[in-house]
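Below: the structure, in structure tokens.
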Amino acid sequence: MTETRPEFFDAPHGPRLAFRRSPGSGPGLVWLGGFRSDMEGGKATTLHDMAIEDRRAFIRFDYSGHGASSGEFADGKIGDWAADSIAVLDHLTQGPQILVGSSMGGWTALLTALARPDRVAGLVLIAPAPDFTEALMKPELPEEALAEIAEKGVWMQPSDYGYDPSPITKTLLEDGAQHCLLGKGGIGVTAPVRILQGMQDPDVPWRHAFRLVEELESGDVVFSLIKDGDHRLSREADLDRLKQTVRALAAERAE
């Protein structure tokens, strides 16, 4: 794929969002990235190449405070990033879309599907991390981190993925708690869902992802557990599996 400069979209709720897209048939594909990731990652670009080959509509974008989009990461929160996703769906796509969300992108994909059920033809979720701020992040924070967040409003968390330390803010944790989906009597997503999950994932334990299977209202949910898979699922075999999964669901949901 020949890369060009990203395009920009002034979202109604404020941020200027960077995106890349290509035209094609429906249902289109919308890539929703993870916490601190951007649209230039391997899974996003692999799917974009696939979409061009298949002549299927595709869009990937950076959340506010991520990549080339406006804003500071430290000012962001789950509600903002879900609003970004909804704005992209509303203003930059047409017709039914399949949301492909990785890690935190699984959470924003679910929130988007709940907000726009008539626009979502299906979801493909990779190591989905709904409620991660409350269920996975907060319980693992050391006491000194919790004290620093309470006193200063932020703690800098070291990264295992080559990023600079991540600012974990009081606002992020409080807002995340307001958008939790699990344990509330069911998640009202009725579209087909496909989940790819590594059993060796240190960030999103497979049992956390499996809770999602149990709570989704959709009766068409397939959970694929990769025994030796990690969190990123970016090996060649993982990427091939992702492409097969997306292609199969897109074929099922074709107009």
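A few remarks follow.
- Residue among Asp160, Asp62, Asp38 with the largest mean-square fluctuation in a Gaussian network model of the chain, springs linking Cα atoms under 10 Å: Asp160
- For the chain, lysine pairs with C-alpha atoms less than 16 angstrom apart, excluding pairs fewer than eight positions apart on the same chain, total 5.
- Dipole moment magnitude, nearest 20 debye, the stretch 148-255 about Cα centre, only Lys, Arg, Asp, Glu C-beta charged: 220 debye
- The stretch 200-255: trypsin sites (Lys or Arg not before Pro) in DSSP coil with no more than 15 other Cβ atoms inside 10 Å: Lys227, Arg235
- Crossing angle, helix 104-115 versus the chain [Cα axis fit, 0-90 degrees, rounded to tens]: 70 degrees
- Whole-Å semi-axes of the ellipsoid equivalent to the chain (Cα gyration tensor, √5λ, descending): 27, 21, 18
- Inverse mean reciprocal Cα-Cα distance (Kirkwood Rh) of the stretch 1-137, Å: 14.6 Å
- If the convex hull is drawn through the Cα atoms of the stretch 101-201, its volume per residue in Å³: 124 Å³
- Rounded to 5, percent antiparallel among DSSP beta bridges of the chain: 30 percent
- Computed on the stretch 1-140, with alpha-carbon pairs under 8 angstrom and 6+ residues apart, the relative contact order is 24 percent.
- Charge dipole of the stretch 22-168 (Cα centre as origin; +1 on each Lys and Arg Cβ, -1 on each Asp and Glu Cβ, all else neutral): 680 debye, rounded to the nearest 20.
- Cα gyration tensor category, rounded, prolate or oblate, for the stretch 162-255 with a/c compared to 1.5: oblate
- Rounded to the nearest 500, the helix-only mean residue ellipticity at 222 nm of the chain stands at -10500 deg cm²/dmol, with each DSSP H run of n ≥ 4 adding -39,500 (n - 2.57).
- In the stretch 1-67, the GluC sites (Glu not before Pro) that fall in loop regions by DSSP, at most 11 other Cβ within 10 Å: Glu3
- Diffusion constant of the stretch 14-79 at 10 °C, which comes from Stokes-Einstein with the Kirkwood Cα-pair radius and 1.306 mPa s, µm²/s: 129 µm²/s
- With respect to the chain, whose longest principal axis is taken over its alpha-carbon atoms, helix 42-54 is tilted by about 10°.
- The Kirkwood radius of the stretch 63-158, taken over pairs of alpha-carbon atoms, gives through the Stokes-Einstein law at 4 °C and 1.567 mPa s a diffusion coefficient of 88 µm² s⁻¹.
- Rounded tilt (10° steps) of 143-152 against the dominant C-alpha axis of the chain: 90 degrees
- In the chain, Cα pairs under 8 Å separated by at least six residues give a relative contact order of 17 percent.
- Charges were assigned to the Cβ only: +1 to each Lys and Arg, -1 to each Asp and Glu. The resulting dipole of the chain about its Cα centre is roughly 760 debye.
Laboratory data are not the source of any read-out in this text; all were calculated from the coordinates shown. Predicted model only: the values in this text are computed from it and were never measured. Backbone-built Cβ (ideal geometry, glycine too); neighbour counts: all protein chains shown.
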